Amino acid sequence: MSLTIAILGRPNVGKSTLFNRLVGKRLALVDDLPGVTRDRREGEGRIGTLRFRVIDTAGLEEAFDDSLEARMRQQTEMALAEADVALLMYDARAGLTPLDSHFAGWLREQSTPVIIVANKCEGRAGEPGRLEAYELGLGDPVGISAEHGEGLVDLKDAIEALA
Ligand code: GDP
Ligand code: MG
């Protein structure tokens with residue numbers, strides 16, 4: 001498996017739900033290194049014929065002494081270092097938050113290609129929130145529903161266009 005994908009974003013946007021859907025029962029390992037990696041999960045992901053290694057950055061939900069922003073960056077830097085493609089996920093129903101925008105600005109300066117993923121787009125409730133993300137300058141926001149398994153073919157197309 002030569003393609004590695006990291007799922008990034010603030011807490012509660014649906015990163016782990018997407019991870020679980022991509023990996024299914026093929027969970028490879030739970031990282032038990034100390035510190036911020038202790039919570040990280042990675043596995044063999046699949047969308048149709050596309051296979052990849054996928055990293056779920058879960059450490060943001062952990063209680064650390066640092067600021068949320070610092071923790072986010074620490075987790076992200078480690079996952080990014082290994083990733084060929086980063087998925088920056090946000091909650092399209094909630095709309096973009098300042099934290100999402102701040103994080104996107106930082107990611108834009110990194111060398112790893114980024115796909116902006118608008119989650120919770122089942123039905124039509126996510127569409128206004130999906131369109132908001134055009135302002136981030138990360139290309140077309142890919143609307144998905146991690147919970148309902150919608151938009152995954154669009155996500156596959158976006159990954160294949162970058163990888
Ligand atoms: P994480 O903190 O980014 O890993 O987010 P989780 O995967 O733990 O999900 C946070 C919450 O969002 C949970 O209550 C999920 O059930 C919910 N959620 C995840 N994906 C979707 C989705 O596609 N649509 C909706 N409506 N809720 C979702
Ligand atoms: Mg999670």
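A short reminder: the numbers here are calculations on the coordinates, not readings from a lab. All values derive from a computational prediction rather than experimental measurement. Counting neighbours? That spans all protein chains shown, and the Cβs are built from the backbone with ideal geometry, glycine included.
For residue 14, enumerate residues with amide H under 5 Å from its amide H, sequence gap 5+ or separate chain, H modeled in the peptide plane.
Amide H neighbours of residue 14, under 5 Å, 5+ apart: none.
For residue 115, what residues show an amide H to amide H distance below 5 Å, using hydrogens built from the backbone and excluding near sequence neighbours?
Under 5 Å from the amide H of residue 115: 86, 87, 88.
So what J values fall out for region 136-145 if you push phi through Karplus, 6.51 cos²θ - 1.76 cosθ + 1.60 with θ = phi - 60°, rounded to Hz, Gly and Pro as x?
6, x, 10, x, 5, x, 8, x, 9, 10
Loop-only check: which trypsin sites (Lys or Arg not before Pro) in region 95-163 are DSSP coil with at most 11 other Cβ within 10 angstrom?
Within region 95-163, the qualifying trypsin sites (Lys or Arg not before Pro) (loop, at most 11 other Cβ atoms within 10 Å) are 124.
Provide the FRET efficiency to the nearest 0.05 for the residue 108-residue 44 pair, computing r from the beta carbons and using R0 = 30 Å.
0.55
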